[in-house]
1. Can you check what the net charge comes to around GLN637, using other residues whose Cβ is under 12 Å from the Cβ of GLN637 (Lys, Arg +1; Asp, Glu -1)?
2. Quantify how much of the Cα-Cα distance distribution of region 433-513 extends past 16 Å, in percent.
3. Residue separation times 0.36 nm, minus the C-alpha to C-alpha distance between LEU621 and HIS663: what's the value?
4. Which order do the peptides 29-36, 613-620, 638-645 come out in when sorted by mean C-beta neighbours inside 10 angstrom, highest first?
5. Normalise the Cα radius of gyration of region 666-744 by 2.2 N^0.38 Å (N = residues in it) and let me know the number.
6. Could you sort 39-50, 97-108, 582-593, 74-85 so that the peptide with the highest average Cβ count within 10 Å comes first and the rest follow in order?
7. Expressed in nm to one decimal, what extension gain is obtained for the pair SER475 and LEU394 from 0.36 nm per residue of sequence separation less their Cα-Cα distance?
8. I'd like the per residue volume of the convex hull spanned by the Cα atoms of region 572-727, given in cubic angstrom.
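Bear in mind that the values in this text are calculations on the coordinates, not laboratory data. Note that this is a predicted model, so its numbers are computed, not measured. Here the Cβ positions follow ideal geometry from the backbone for every residue, glycine too, while neighbour counts run over all protein chains shown.
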Amino acid sequence: MQNRRNKSRSLSGNDKEEDEPILNVKCHYVQAEVNGKVFHLGDCALIRGDGKQKHIGRIIEFLRTMEDDDYFRVQWFYKPEDTVMKKETSFHDKKRIFYSTIENDNMLDCIISKLNVTQISPELKFDLSSLPPSDYYYDMEYCLDYSTFRNLPRDNCAMNSEMASVDCLDPVLSVANPPVLENGSICETYNLLDLYAGCGAMSTGLCIGARHSGVNLVTRWAIDLDSPACKSIQLNHSETQVRNEAAEDFLELLKHWEKLCKKFVKEDTESQFPPADILPDLPENKADAHSDSDEAPEELEVSSLLDICYGDSDGSGKQELKFKVRWKGYGPDDDTWEPIEGLSNCQELIQDFVINGFKRKLLPLPGDVDVICGGPPCQGISGYNRFRCVDDPLSDERNRQLIVFMDIVDYLKPKFVLMENVTDILRFDKGSLGRYALSRLVHMRYQARVGIIAAGCYGVPQFRLRAFFWGALPSEELPQFPLPTHDVVVRYWPPAEFERNLVGYEEGQQTPELEDAVLLGDAISDLPVVTNFQNLDEMPYRRPPETEFQKYIRSNNCGCTSKSEEPVLYDHRPFQLFEDDYIRVCKIPQKKGANFRDLPGLIVGDDNVVRRDPSFKTLLLPSGKPMVPEYALTFEQGKSKRPFARLWWDETMPTIVTAPNCHCQALLHPEQDRVLTIRECARLQGFPDSFRLWGTVKQRYRQVGNAVAIPVAKALGYALGMASQKATGKEALLTLPPKFAYSN
């Protein structure tokens, strides 16, 4: 074999392989002198890389080749900027590096100097000043596959100390009747906070999947700024504390809530009021406050406090902590939000509210949350956004929620974190936002990994590629990514630099027999015929299910609290097309591949560009507009077949989006002159038929389009449950149980 004579090694965050070892070895030795310094096996050293680069490694072998060239074999450490995080590491400790198993051979003269590198346990709440003098320290391993940062084997830990503790109040709430498994054992209960929850699809799927692993994952809290989406959660999960507010306001509320709890919640709740400095006092003589008038204004009396918030809930423009007040002698329509400063004479009511809220976990305190999941809004990076901030995406206000999400994680310190986003988070600006998200998790001492998942691989008829970020405290097992259960029709690929993050079987790897891809007909062929003008929210099914998918989607109640005695089909109504578009749609043939190009008066050139036929008189609609609109001819430079395109029974979709726009999407029903209904889109996302949506027709479409496909969340929930029980290995991928997709 040819001798590899690389002078030096240049590390990169996505290096795919380590070099082949040198085979023509004449002898090995245990020490070597370089630049007047003696180096031994096991020593760490600063090593010259390409150009002016310098890297850190541990010497594991000295060798001399048959040509009398001296080499050393090195096991590399990664500086933060050498990993996939790259430049998004400015806030990291410069002395922290990451262990790796990457090794290769280098010429002996690449060694620059000796380094003192210390290994510490990532579970320690340590003070760096107390560490032995060292140049660098490491507490995690960096693995190139799925950009993984994970614990080192426990027997490798070189230091011992107490585990990190969270300074918080002891929780009071317990689960009265935790679920029991078939073998009689009690499911362990984990509390989940769903941020940017939308209609709650991701948390719904996670809870279903976790239960299959023997873990009772419960969505205790859900936060979203969209009011109809919050009502959808409440409609399906009445036990969840749903808050319709901005995530940054929620974070400020949590900080104030912790202070209130520390003031008011005592071991002996019968104790007297806390010191009065928590709230301002009114003047001792109330009459003094109105000395400038002959008569004091009438004062309303507070009957009870109903809720708490932070922000501008009343439109006053002032961000502050407020309570929702029920006034004595008045009803719910007269409730108002009052700032806490104005309730200084209501300390007893405030104390009662805080104690009761603490007991029923109205809001989470640090240590209360086991799992945080969420998909921070991606308007600033989505490929559908033509006005993206290219130079500095993180400074774009539309991307700020990514920072807020990580700030909430940092404050609550959950055991596990799952963040979802569009794959553009790994593509736009060289993936800077995705690198930032990963970097924040690692900086907070979370283990982390990134995977790209196609929803179709788990049993829905759409491809829908999305990025997922796992995080786990050092005390926990880092969850894996679930391997596909279904074949899938590939529509598009992830960013080239992150191709090895795509969750799937490697090429040439022996794989179990995957189930066939779920097609459009498998998902919706049993649904009743409805017209463009259908306006009913409920109707009977009228026919039995025809496929395994349909049987499952009808029978699974996904833990929803709203159930009907008789099977009822909800939300099977389309967005009603305007008259011009409806006339156009009625002219599209009911056949596979039909689209606006089938309308009369068009020709398609050899360049696949569609144009008007100059020999054909332009057809006009009753409105006076052309039958073929100009935007259809110019969309994607005239090469697109998507405007007014019909789907077909044996096809799958690329992805469900948030608005039913047939001008630029293939969204027409195969045999009915309308766009897909809300329920049909929901089925393509894996929503059980029992899941109801709230809001206008457009709002419901948006909730479905923004959701994480429930079968994907279900598979991830199973992986989470297995990790929480430490029932997984160090591998990044997990094989799901047989027939997992259709298991209730």
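1. With Lys, Arg at +1 and Asp, Glu at -1, the neighbours total 0.
2. Values: 1864 of 3240 pairs.
Counting every Cα pair in region 433-513, those more than 16 Å apart make up 58 percent.
3. Values: separation 42, 0.36 × 42 = 15.12 nm, distance 1.65 nm.
Taking LEU621 through HIS663 to full extension adds about 13.5 nm, to one decimal.
4. Values: 29-36: 11.5, 613-620: 9.6, 638-645: 18.8.
The densest-packed peptide leads the list: 638-645, 29-36, 613-620.
5. On the way: Rg = 16.7 Å, N = 79, 2.2 N^0.38 = 11.6 Å.
So the Cα radius of gyration is 1.44 times the expected 2.2 N^0.38 Å.
6. Values: 39-50: 17.2, 97-108: 19.8, 582-593: 15.3, 74-85: 22.6.
Top of the packing list down: 74-85, 97-108, 39-50, 582-593.
7. Values: separation 81, 0.36 × 81 = 29.16 nm, distance 3.06 nm.
The span from SER475 to LEU394 would gain 26.1 nm if fully extended.
8. Details: hull volume 23.0 nm³, N = 156.
Taking only Cα atoms, region 572-727 has a hull volume of 147 Å³ per residue.
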